[in-house]
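Trainee: The structure under discussion is supplied below as structure tokens; questions concerning it will follow.
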Amino acid sequence: MSDLTVELTAPNGRKYTQPTGLFINNEWVVSSKGNKITSINPTDESEIASVHAAEPEDVDKAVEAARAAFKGPWGEMSPTERGDLMYKLSELIEKNKELLATIDTWDNGKPYSVALNEDLAEVVGCIKYYAGYADKVHGQVIDTGPAKLAYTIREPLGVCGQIIPWNYPLAMAAWKLGPAIATGNTVVLKSAEQTPLSILVFANLVKEAGFPPGVINILNGHGRIAGAAMAQHPGIDKIAFTGSTATGREIMKMASATMKNITLETGGKSPLLVFDDADLEQAVRWSHVGIMSNMGQICTATSRILVQDGIYDKFIEAFKKQVQEVSKVGDPFSDDTFQGPQVTKAQYERVLGYIESGKSEGATLATGGEAYKNVGEGKGFFVSPTVFTNVKEDMKIFREEVFGPFVVIASFKDEEEALALANNTTYGLGSAVFTKDIVKAHRVARNIEAGMVWINSSQDSDFRIPFGGVKQSGIGRELGEAGLEAYTNKKAVHVNLGTWL
Ligand code: NAI
Ligand code: MG
């Protein structure tokens, strides 16, 4: 066992025991080939720790454990008891939130205050929210006349494979585990290879809360190996995925062989519309948060700002000022840091590549536009918050998801043009509209092609409210009551009370 943990001291001085194995059947095990993933601190590019990476054989073992739990103790447990275990888990997360936030800041690079007050608050809130639903998922009785009693049973799907990204390592796990566990499924969850650490500490809490072995299995592993094995596995009934649209497409293809139930939450290029009659100061503040928080690594980031002609120049002036004053780049463990490093070298280079593209396509670079080297000894994946203006709709930077502190701003003359620009995208995840005219606000909300619309805000998602996209931003919904739909079947039972042959 001792070789499946390592003693670590985080940059903020916090000491803890980091598990490094695969969590299957409530036990820590090695991967079948002994291959490892090394996690890097994006702030200074140092190695943090290496953890075991699952192979297809390990996925088989996890699926077997999940199936046994589903058919055994978990399936037999009452929904109220399931909810109690989830409450216990949420309490343990609350108790350990500083440690978990520390690990995510170290591994992902997000500011500590964000990890603690946003990510961990979301994890605790989401697990608790779905704990409450565990014994409130009911079927229906459907009246078709006196000759029949017809009713439905909301039954779990079985073994669910969940594949999550690195931008919110624990919150994405909570969004997926919450509804799956509340409705009586068992889970094999694979976290992202860029952020493999916090979820393993979380796994210890699953065991401590008292979940029966096999209910929640947690693997690290490479997408193309472990993720692909999950997407194709005949023993997995459902795949829930959050990540890039390209990988989402791959998963859909792989899942088609066994016709798995799927939910996909993929990319976006979400528009934010500012009309002449908006509260300019509020529009500026929210649109800054909407793209620059979490280093711009948010699937719903409002990364295309569209501003009406009459206030375009004023908006740009104020937005630039907001970026320069608020987006303080620095060590994510410093209290005054707003923006830490990008999660990996690959993401950092990707953002820099889009900066070059913006310049060569002729957009106006209003601020930023370079690597940021003034943190510590000049290492780390930091990028200056970047704003391009006068962006045209045929430019690559207007069309493609960048996933960084990078925003494009364009102008429009009227509502019709605003909607045409907003909807000129293959994506349809988030969107936002700023206006004081309530009629216009609701009309635009109806006509915008997106799964979510924020009126006079951006990114204030909530675990009680459905989340998901249209077009190539995904399939299905997570969170809220809608999140339960993704994890249950409605079985119809017909009872003949009087049709005698
Ligand atoms: P990705 O979509 O490749 O990775 C997300 C998850 O999918 C990870 O757990 C990964 O291991 C897994 N995965 C990768 N390939 C797989 C495969 N063939 N089969 C099964 N699972 C697989 O995203 P990546 O490469 O980390 O980031 C690239 C871009 O994706 C980002 O720049 C961003 O534009 C977008 N992205 C969007 C996210 C969102 O929240 N919608 C989150 C992360 C990335
Ligand atoms: Mg890392």
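Trainee: So, in region 1-49, of the ones that are among the acidic types (Asp, Glu) and in a loop (DSSP other than H, G, I, E, B), which residue ends up surrounded by the fewest Cβ atoms within 10 Å (Cβ to Cβ)?
Mentor: Within region 1-49, the subset among the acidic types (Asp, Glu) is 3, 7, 27, 44-45, 47.
Remaining after also requiring in a loop (DSSP other than H, G, I, E, B): 44-45.
Numbers: Asp44: 16, Glu45: 14.
This residue is Glu45.
Trainee: Sort through Leu149, Leu170, Leu177 and tell me the only one that's assigned to a helix (DSSP H, G or I) and either open to solvent by 10 Å² or more (accessible area, probe 1.4 Å) or within 16 Å of ligand 2 (Cβ to nearest atom) (or both). Outline the logic, then answer.
Mentor: Numbers: Leu149 fails: assigned to a helix (DSSP H, G or I); Leu177 fails: either open to solvent by 10 Å² or more (accessible area, probe 1.4 Å) or within 16 Å of ligand 2 (Cβ to nearest atom) (or both).
On inspection, the qualifying residue turns out to be Leu170.
Trainee: Can you find a residue that is surrounded by fewer than 15 Cβ atoms within 10 Å (Cβ to Cβ), outside any helix (DSSP H, G or I), away from ligand 2 (no atom under 16 Å from the Cβ) and basic (Lys, Arg) anywhere in region 367-378?
Mentor: Scanning region 367-378 turns up at least one residue that is surrounded by fewer than 15 Cβ atoms within 10 Å (Cβ to Cβ), outside any helix (DSSP H, G or I), away from ligand 2 (no atom under 16 Å from the Cβ) and basic (Lys, Arg).
Trainee: Looking at region 317-355, which of its residues are outside any loop (DSSP other than H, G, I, E, B) and within 16 Å of ligand 1 (Cβ to nearest atom)?
Mentor: Lys345, Ala346, Gln347, Tyr348, Glu349, Arg350, Val351, Leu352, Gly353, Tyr354, Ile355
Trainee: Read through the list (1) open to solvent by less than 10 Å² (accessible area, probe 1.4 Å); (2) touching a Lys or Arg at 6+ places or on another chain (Cβ under 6 Å), then give the number of the only condition that Leu100 fails.
Mentor: Exception for Leu100: condition (2).
Trainee: Go through (1) within 16 Å of ligand 2 (Cβ to nearest atom); (2) buried (at least 20 other Cβ atoms within 10 Å of the Cβ); (3) within 20 Å of Asp119 (Cα to Cα) for Ser90 and report which single condition fails.
Mentor: The one condition Ser90 does not meet is (1).
Conditions tested, residue by residue: (1) under 30 Å from Asn41 (Cβ atoms); (2) in contact with a Phe, Trp or Tyr (Cβ under 8 Å, 6 or more places away or on another chain); (3) within 16 Å of ligand 1 (Cβ to nearest atom).
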| position | (1), (2), (3) |
| --- | --- |
| Lys97 | yes, no, no |
| Asp107 | yes, no, yes |
| Tyr129 | no, yes, no |
| Ala134 | no, no, no |
| Val137 | no, no, no |
| Pro146 | no, no, no |
| Thr152 | no, no, no |
| Gly158 | no, yes, no |
| Pro165 | yes, no, yes |
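Trainee: Say whether the condition of being open to solvent by 50 Å² or more (accessible area, probe 1.4 Å) and not in a loop (DSSP other than H, G, I, E, B) is met by at least one residue in region 295-303. Lay out the reasoning, then the answer.
Mentor: Our first condition is that a residue be open to solvent by 50 Å² or more (accessible area, probe 1.4 Å); within region 295-303, this holds for none.
Within region 295-303, not a single residue is open to solvent by 50 Å² or more (accessible area, probe 1.4 Å) and not in a loop (DSSP other than H, G, I, E, B).
Trainee: Within region 346-361, track down each residue that is without any contact (Cβ under 8 Å) to a residue 12 or more places away in the chain and either away from ligand 2 (no atom under 16 Å from the Cβ) or of a type in the set (Ser, Thr, Tyr) (or both). I'd like the intermediate steps shown before the answer.
Mentor: To start, the set of residues in region 346-361 that are without any contact (Cβ under 8 Å) to a residue 12 or more places away in the chain comprises 346, 349, 353, 356, 359-360.
Within region 346-361, Gly353, Glu356, Lys359, Ser360 qualify.
Trainee: Working only within region 237-284, note down all residues that are assigned to a helix (DSSP H, G or I), within 13 Å of ligand 1 (Cβ to nearest atom) and under 30 Å from Phe315 (Cβ atoms).
Mentor: Within region 237-284, Thr245 is the sole residue that qualifies.
Trainee: To continue, here is another question. Answer with yes or no whether Gln308 is within 16 Å of ligand 2 (Cβ to nearest atom) and under 22 Å from Ile397 (Cβ atoms).
Mentor: Details: within 16 Å of ligand 2 (Cβ to nearest atom): no; under 22 Å from Ile397 (Cβ atoms): yes.
So Gln308 fails the test.
Trainee: Identify the single condition in (1) open to solvent by less than 50 Å² (accessible area, probe 1.4 Å); (2) in a strand (DSSP E or B) that Ala66 does not satisfy, given that it satisfies every other one.
Mentor: Just one mismatch for Ala66, condition (2).
Trainee: List pairs: first residue in region 161-172 and more than 20 Å from Ala486 (Cβ to Cβ), second residue more than 6 Å from ligand 1 (Cβ to nearest atom) and small (Gly, Ala, Ser) anywhere in the structure, Cβ distance under 6 angstrom, at least six positions apart or on different chains.
Mentor: Pro169/Ser198
Trainee: Can you name every one of the strands (runs of 3 or more DSSP E) wholly within region 405-501 that holds 1 or more residues which are more than 26 Å from Val387 (Cβ to Cβ)? Walk me through how you get there before you give the answer.
Mentor: Working: elements: 406-412, 432-434, 488-496.
Output list reads 488-496.
Trainee: Give the residues of region 115-146 that are away from ligand 2 (no atom under 16 Å from the Cβ) and under 30 Å from Ile37 (Cβ atoms), sorted by residue number. Walk me through it before giving the result.
Mentor: Within region 115-146, the subset away from ligand 2 (no atom under 16 Å from the Cβ) is 116-118, 120-146.
Leu116, Asn117, Glu118, Leu120, Ala121, Glu122, Val123, Val124, Gly125, Cys126, Ile127, Tyr130, listed by residue number.
The values are calculated or read from the model by the stated rules, or taken from the named source; none is laboratory data. In this text, all values refer to a predicted model and were calculated from it rather than measured experimentally. Please note: Cβ atoms are built from the backbone with ideal geometry, for glycine as well, and neighbour counts cover all protein chains shown. Note: accessible area is taken over every heavy atom of the protein model, side chains too, but ligands, DNA and RNA are not part of it. Shrake-Rupley method; radii C 1.70, N 1.55, O 1.52, S 1.80 Å.
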